[in-house]
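Below: the structure, in structure tokens.
The values are calculated or read from the model by the stated rules, or taken from the named source; none is laboratory data. Just so we're clear, the structure is a prediction, and the values are computed from it rather than from any experiment. No Cβ is skipped: glycine too gets one built from the backbone with ideal geometry, and neighbour counts run over all protein chains shown. Calculation scope for accessible area: heavy atoms of the full protein, side chains included, ligands and nucleic acids excluded. Shrake-Rupley method; radii C 1.70, N 1.55, O 1.52, S 1.80 Å.
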Amino acid sequence: TVYIENSHIKLPKLKSMMKIKQHREFDGLIKSCTISQVPSGKYFVSILVDTEIVELPNVDNKIGVDLGISATCC
């Protein structure tokens, strides 16, 4: 019942399409969506999509991360 087309989203409880700014494209079946409003008055829609998992290729590169932790425990 939720679908996106031409930069608009159709939600079940609204009779008209709402204009959106979509940040990421996705493929798959829309399972659910959550609408939230932040204190500034903006609305955000989080969409849960059922899609196939694509396994990434293995690489031999390594990376190091310095978290800058200076305190020791115990």
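Here are the numbers:
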{"read-out": "Accessible area of the chain divided out per residue, in Å², using a probe of 1.4 angstrom", "value": "103"}
{"read-out": "Contact order normalised by residue count of the chain, Cα under 8 Å, 6+ apart, percent", "value": "19"}
{"read-out": "Anchor K31: aspartates and glutamates whose Cα lies under 20 Å away (excluding residues fewer than 8 positions away in-chain)", "value": "E5, D50, E52"}
{"read-out": "Listed residues K15, K62, K42, most fluctuating in the chain (Gaussian network, C-alpha, under 10 Å)", "value": "K62"}
{"read-out": "Carbon plus sulfur fraction of accessible area for the chain, probe 1.4 Å, in percent", "value": "54"}
{"read-out": "Segments 46-53, 7-14, 18-25 sorted - mean Cβ within 10 Å per residue, highest first", "value": "7-14, 46-53, 18-25"}
{"read-out": "Highest to lowest packing among 30-36, 65-71, scored as the average C-beta count within 10 Å", "value": "30-36, 65-71"}
{"read-out": "Segment F26-V49, extension gain: residue separation times 0.36 nm, minus the distance between their alpha carbons", "value": "7.5 nm"}
{"read-out": "Label assignment, semi-axes √(5λ) of the Cα gyration tensor in Å derived from the structure, set (1) 37, 22, 12; (2) 23, 13, 11; (3) 19, 15, 9", "value": "(1)"}
